[in-house]
Amino acid sequence: MNTAFAPEWVRSHADRSPDAPAIATSETRLSYAELADRFAALAAHLAAGGVVPGDRVLVALPNVVASVVADLAIQSLGACAVSLGRVWRGEALGQIVARTRARHAFVDGRALALWRDIAPRYDLRLWIVESAGSPPGVGASQLGAMITGALCADGTVRSGSEPDRLPPYPHRPSDPAMILYTSGSTGEPRGVVQTWRNIDANTRSIAWSLDLTAEDRAMLVLPLSYCYGRSVLQTHLFEGGSVFMDDRFMYPRVVLEAIAEEACTGFAGVPATFEIVKGQVDMSSLRSLPSLRYLTQAGGAMASETIAWVRRAFHPARLFVMYGQTEATARLSYLPPERASDKEGSIGIAVPGVELRVLDATGALAAPGVVGDLVARGDNVTPGYLDDAVETARILRDGWLWTGDLAWRDDEGFFFHAGRTKDILKIAGHRVSPIEIEMALQRHPEVAEAI
């Protein structure tokens, strides 16, 4: 199977269905033709500004259209986008800039104070993304010559005339396409490298598992700097579907109303997402969501009572419980909704193209029902951490990704998560997972949430 690349996905859909919706927010809507045109225009500016194949370019933005445009522009040049969330500040942010050796960055114009010291120290050239009605904030005057361009939140370049556009870069499957940062087990920033082979393989697997088509439209409240949010975007761009990005989840009812207004077919969340909806929204007073056909949940174990509530509250939409991690480019397994009742608590079966095993203490295949180390193999598995051979060797052994999770499988090959290896507690001589404690607490009628 040939590997496809995200800029090619968009250009292909733009050729076939130019007016089809691609990306939207409450302020901006882009068709595939408009998205392709905007990232091509930005790519020309970046190339003229010195971005070359192999460069790493930081994208430190909230979920705005400009973030998607920037990623595609960077990748279309054969460079690698480094997606950063708001969690990284101060010394940790400086470490990331130093380790990536980035020379260019897209930053939020309202957060320039964060870059006032970092940009000069690492000779970063900044592209400022301006929100509607929000000029660059504190720090713009001190940065001066470090600011090389401006981009509107809708992805429109505001910097002078457009340079000549470049022909498509001849990508290779092994080229790094994205670096996503995770704190890992040490709390230090660790860059997970994702190649085009990784992204293509897992995007196809997820799209197949969810039966996505060009008619699908996802409601996205998860950050693009998080592998789960990133996979929602990638799967829909791959299929020619669309994504509505909504940053108003502090008002969950508004987001649910937007699902109806935007005719969204899918909604993705972590356990806290659904706990917030459950606790703050009276679903009986909400108008129906006729377009919604599926929901996905990943990012940790969700209480069985909450899973049952989601299935009732959003019926007839189907809930897919999924499991994965950044090192796997997103998903490793999914629980088919039709098996939800008889496989309660399971993280399901491997997505296509992924092999999962549970190994015992000797490294042998564990028998059904026996808890052991969960390992995975497939084209979705990262080649490693950026410039960290020691940690890469720890998680990648003999072609297998050691997830750091404990699990067991049943006789039918369904997997059940049993906790993190490093979190296991010894209580009265017994090995106990904190997840077991959390689940027991969540079943208590006087406990609202256990995390």
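Just one of the numbered conditions (1) closer than 30 Å to residue 176 by Cβ; (2) assigned to a helix (DSSP H, G or I) is not true of residue 274; which one? Failed condition: (1).
Consider residue 181 carefully, then state whether it is outside any loop (DSSP other than H, G, I, E, B) and in contact (Cβ under 8 Å) with a residue 40 or more places away in the chain. So residue 181 fits the description; yes.
So that you can scan it fast, the table gives a plain yes or no per residue for (1) open to solvent by 10 Å² or more (accessible area, probe 1.4 Å); (2) at pLDDT below 95; (3) part of a loop (DSSP other than H, G, I, E, B); (4) in contact with a strand residue (DSSP E or B) (Cβ under 6 Å, 6 or more places away or on another chain):
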| site | (1), (2), (3), (4) |
| --- | --- |
| 62 | yes, yes, yes, no |
| 72 | no, no, no, no |
| 82 | no, no, no, yes |
| 85 | yes, yes, yes, no |
| 95 | yes, yes, no, no |
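Report whether or not residue 205 is buried (at least 22 other Cβ atoms within 10 Å of the Cβ) and more than 22 Å from residue 62 (Cα to Cα).
Values: buried (at least 22 other Cβ atoms within 10 Å of the Cβ): yes; more than 22 Å from residue 62 (Cα to Cα): yes.
It is true that residue 205 is buried (at least 22 other Cβ atoms within 10 Å of the Cβ) and more than 22 Å from residue 62 (Cα to Cα).
The lone criterion from (1) farther than 29 Å from residue 177 by Cβ; (2) open to solvent by less than 40 Å² (accessible area, probe 1.4 Å) left unmet by residue 408 is number (2).
Of the residues making up the range 1-33, those that are closer than 21 Å to residue 264 by Cβ and among the β-branched types (Val, Ile, Thr) are 10, 23, 25, 28. Out of the residues in the range 330-359 that are more than 25 Å from the chain's Cα centre (by Cα) and under 27 Å from residue 182 (Cβ atoms), which is least open to solvent (accessible area, probe 1.4 Å)? So the residue we want is 358.
The set of residues in the range 1-58 that are surrounded by 22 or more Cβ atoms within 10 Å (Cβ to Cβ), small (Gly, Ala, Ser) and not in a helix (DSSP H, G or I) contains only 22.
Here residue 306 passes the criteria (1) touching a strand residue (DSSP E or B) at 6+ places or on another chain (Cβ under 6 Å); (2) in a helix (DSSP H, G or I) except the one numbered (1). Restricting the range 300-319 to residues that are touching a residue at least 40 places away in the same chain (Cβ under 8 Å) and open to solvent by 50 Å² or more (accessible area, probe 1.4 Å) leaves a set whose member that is farthest from the chain's Cα centre (by Cα) is 305.
When you scan the range 210-226, do you find a residue that is part of a helix (DSSP H, G or I) and touching a residue at least 12 places away in the same chain (Cβ under 8 Å), even just one? I'd like the intermediate steps shown before the answer.
To start, the set of residues in the range 210-226 that are part of a helix (DSSP H, G or I) comprises 210.
Then keep just the ones that are touching a residue at least 12 places away in the same chain (Cβ under 8 Å); that gives 210.
Looking through the range 210-226, at least one residue is part of a helix (DSSP H, G or I) and touching a residue at least 12 places away in the same chain (Cβ under 8 Å).
Open to solvent by less than 20 Å² (accessible area, probe 1.4 Å), touching a residue at least 40 places away in the same chain (Cβ under 8 Å), part of a loop (DSSP other than H, G, I, E, B) and of a type outside the set (Asp, Glu): is that true of residue 237 in this structure? Here the answer is no, as residue 237 does not meet what is asked. Within the range 199-220, being of a type outside the set (Gly, Ala, Ser) and touching a Pro at 6+ places or on another chain (Cβ under 8 Å) holds for 200, 204, 208, 217.
The values are calculated or read from the model by the stated rules, or taken from the named source; none is laboratory data. Computed from a predicted model, the values in this text were never measured in an experiment. Cβ coordinates were reconstructed from backbone atoms using ideal geometry, including for glycine residues, and neighbour counts include every protein chain displayed. With ligands, DNA and RNA removed, areas are computed over all heavy atoms of the protein, side chains included. Shrake-Rupley method; radii C 1.70, N 1.55, O 1.52, S 1.80 Å.
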